[in-house]
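Data first, discussion second: the structure below is written as structure tokens.
What follows draws every value from the coordinates through simple rules; no lab data is involved. From a predicted model like this one, the values you see are computed outputs, not experimental measurements. Please note: Cβ atoms are built from the backbone with ideal geometry, for glycine as well, and neighbour counts cover all protein chains shown.
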Amino acid sequence: MNTLPQWFLIDTEQEYNTAIARYEEVKYAAKGTEEHKEKMLLVHLIAEYEKSISDLPDVDPVELIKIRLDDFGFKPSDLANVYGDKGTISKVLNYKQALSLTMIRKFSKFLKLPVDSLIREYELKANT
């Protein structure tokens, strides 16, 4: 019989990394299984830990992305490598196009930003 690990509140980066690794293993678990219940618990624990360590400025998502790029020493081309379209990245960073759900998912993971911080509404610039 396979015993599932016991999970507690995440307090350290090591526990966080362990939880992320386990989530990757069970993320496609079928509903109603023990692994699915574990996955849902992990989502909650990971989100709470990210919230607790997050010291993000209260700015719009695009500005937050720019700040995080700077924090990690990345360039817009690094975002293009993650997303796959340099032109779209340029439009997003210049407030000409809104972030898509796919971008939010990829940038959240790449820049280690909570999804909540990237889904906030913000103003786009009028096309001229």
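Quick one: longest stretch of the chain between exposed loop chymotrypsin sites (Phe, Trp or Tyr not before Pro), exposed meaning at most 12 other C-beta atoms within 10 Å and loop per DSSP?
29-128
Under the Karplus relation 6.51 cos²θ - 1.76 cosθ + 1.60, θ = phi - 60°, what is the ordered set of whole-Hz ³J(HN,Hα) values for the range 92-98, x standing for Gly and Pro?
These are the phi-based 3J(HN,Hα) values: 5, 5, 9, 6, 9, 9, 6 Hz.
What's the extension gain from Ala47 to Trp7 if we count 0.36 nm per residue and subtract their Cα-Cα distance?
Taking 0.36 nm per residue and subtracting the Cα distance, the gain is 13.0 nm.
Can you give the relative contact order of the chain as a percent, counting alpha carbon pairs under 8 Å and 6+ residues apart?
This gives 21 percent for the chain.
Which is the longest stretch in the chain that no exposed loop site breaks, taking sites as trypsin sites (Lys or Arg not before Pro) with a DSSP loop state and at most 15 other Cβ atoms within 10 Å?
32-95
Using a 10 angstrom cutoff on alpha carbons, build the Gaussian network for the chain and name the most mobile of Leu64, Leu99, Leu41.
Greatest mean-square fluctuation among the candidates belongs to Leu41.
For the cross-link pairs Lys51/Lys96; Lys51/Lys75; Lys75/Lys112; Lys27/Lys106, which exceed 18 Å when the distance is taken from alpha carbon to alpha carbon?
Lys51/Lys96; Lys51/Lys75
Among [x] 41, 32, 24; [y] 45, 34, 25; [z] 64, 29, 24, which is the computed Cα extents along the principal axes in Å?
Among [x] 41, 32, 24; [y] 45, 34, 25; [z] 64, 29, 24, the one calculated here is [z].
If you place +1 on the Cβ of every Lys and Arg and -1 on the Cβ of every Asp and Glu, how big does the dipole about the Cα centre of the range 1-40 come out, in debye to the nearest 20?
Approximately 240 debye in magnitude.
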